[in-house]
Amino acid sequence: MNPKIRWYILAMVFIATGLNFLDRQILSMTIIKIQEDLNISDVQYGWINTGFLVSYAIMFTLSGRLIDKVGGKLGLGLSVAIWSIASALHGLMNNFYHLLGFRFLLGMGEGGCFPGAAKTVYEWFDEKDRALANGIAIGGAAIGAVIAPPLTIYISGQYGWRWAFIIPGIIGIVWVVAWFLQSWKKSLHAVSQRETKQAGPAFQVPLSMLLKNRTVQAFILIRFLLDPVFYFLMFWVPKYLNQERDLSFERIGELFWIPFLALGLSNILGGWFSDKLISRNLTINAARKWVMGFAAALTLVAPFISTVSSVEIAIFLMSLMMLAHGFWITNYITAIADIFGKYATSTVVGLSGTAGAVSGMILNPVIGWVAQNYSYGPLWLISGIMYPLAFIILLVFIPKITTYQFTNKSDLSDGIKPILVKR
């Protein structure tokens, strides 16, 4: 095996997740100009966002299921192709219905991004490097979020808002071509022969059986609880800074990229630290949970965000929250791969992602109601509680992170009966 190839593949995944967050954020920065040009109302804009979230939630699970069957190369490649075409089509829209349809198509493609990334990392990296690889792969999303505002403003200013969609779409198509031109010979995969032999013959685990399994249910519940916190940080902090901190939109633009940079760095550092613990002879179970426990403890700073007087300190505390999320989500996704391997990694990542998206759709209006009728204080308080609660759920319902070995479908007659591989 040429070890350089797997790092090239990982760099490509990093770029893909970066494009994922970049493409989805362009609309939020161009919508004012779009509304002026196309006479789209705020109510219609709300429906447009809902259209994206609905297809995104559905395709998270469907794409995960498909990717477990066809593999990371085809699955992730098709996902990037769909959302890149959808992004470019935004530049051709002339009315509300065009934008609604193109946004729905964007969600269909983007729903396969993270299941595809997780599957690709599993296929190329063994357990000793997997957390770091997942951190790098996921970290691209945060970097995409950092780049999106200045890049969109620059392209819109130079060429008009339509090209802010078209140019990233073209970049995505170029990525797809490069992705499929790369040869993926099985002999080059970095999954060790030991893991491959232990895993046994491959078959697709029935979805109904996965949904009955307590470990899967715990992963889904955790994502259902935590994704609204992340969506709150992504979508509501600019309004918080404007309404409660009296910051101008220009000043918000100068500061809001900092938490996302912290997120990108922590995705990578969280994976590196977890793998480092394993190299020091800690078990996979201990390594993943030590990092996730640290992350959960770090989020306890959240309630102080609403009480500190300095805007700069508030941004620093938000950055700690994003730092904690990066540590958490990297090891969360890696733990799914550790447990379900080639059989159901993408499916479980997809199921949990769908749960998080649905939770976000349900709770976003609630967040708005609380912010409008009370203040952001209760929201910051709840944000600081949820990660410790999720960590307790992890400890209780997933007492040991260890690989499931499936020999045939009869192993699934009572949920999932694993043959545990000792670490």
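Some points to look at:
- Condition check for Ala137: part of a helix (DSSP H, G or I), within 17 Å of Gly350 (Cα to Cα), outside the structural domain of Phe260 (by TED's automatic domain parsing) and at pLDDT 90 or above: yes
- Once the stretch 340-352 is narrowed to residues that are crowded, with 24+ Cβ neighbours inside 10 Å and of a type outside the set (Ser, Thr, Tyr), the residue that is farthest from Thr61 (Cα to Cα) is Phe340.
- The residues of the stretch 238-280 that are of a type in the set (Asp, Glu) and in a helix (DSSP H, G or I), listed by number, are Glu250, Glu254, Asp275.
- Test: residue in the stretch 111-121 that is touching a residue at least 60 places away in the same chain (Cβ under 8 Å) and surrounded by fewer than 19 Cβ atoms within 10 Å (Cβ to Cβ): no
- Qualifying residue in the stretch 367-386 (condition: surrounded by fewer than 17 Cβ atoms within 10 Å (Cβ to Cβ), in a helix (DSSP H, G or I), at pLDDT below 85 and within 24 Å of the chain's Cα centre (by Cα)): yes
- Meets criteria (under 16 Å from Gly107 (Cβ atoms) and buried (at least 16 other Cβ atoms within 10 Å of the Cβ)) for Ile82: yes
- Qualifying residue in the stretch 258-276 (condition: surrounded by fewer than 21 Cβ atoms within 10 Å (Cβ to Cβ), under 20 Å from Gln372 (Cα atoms) and in the same structural domain as Leu381 (by TED's automatic domain parsing)): no
- Filter result for Leu92 (among the aliphatic types (A, V, I, L, M), surrounded by fewer than 19 Cβ atoms within 10 Å (Cβ to Cβ) and either under 30 Å from Thr402 (Cα atoms) or in contact with a Gly (Cβ under 6 Å, 6 or more places away or on another chain) (or both)): no
- Checking each residue of the stretch 39-51 against the condition of being free of Cβ contacts under 8 Å to residues at least 40 places away in the same chain, surrounded by fewer than 18 Cβ atoms within 10 Å (Cβ to Cβ) and within 23 Å of Phe180 (Cα to Cα) gives no match.
The values are calculated or read from the model by the stated rules, or taken from the named source; none is laboratory data. All values derive from a computational prediction rather than experimental measurement. Neighbour counts run over all protein chains shown; Cβ positions are idealised from the backbone, glycine included.
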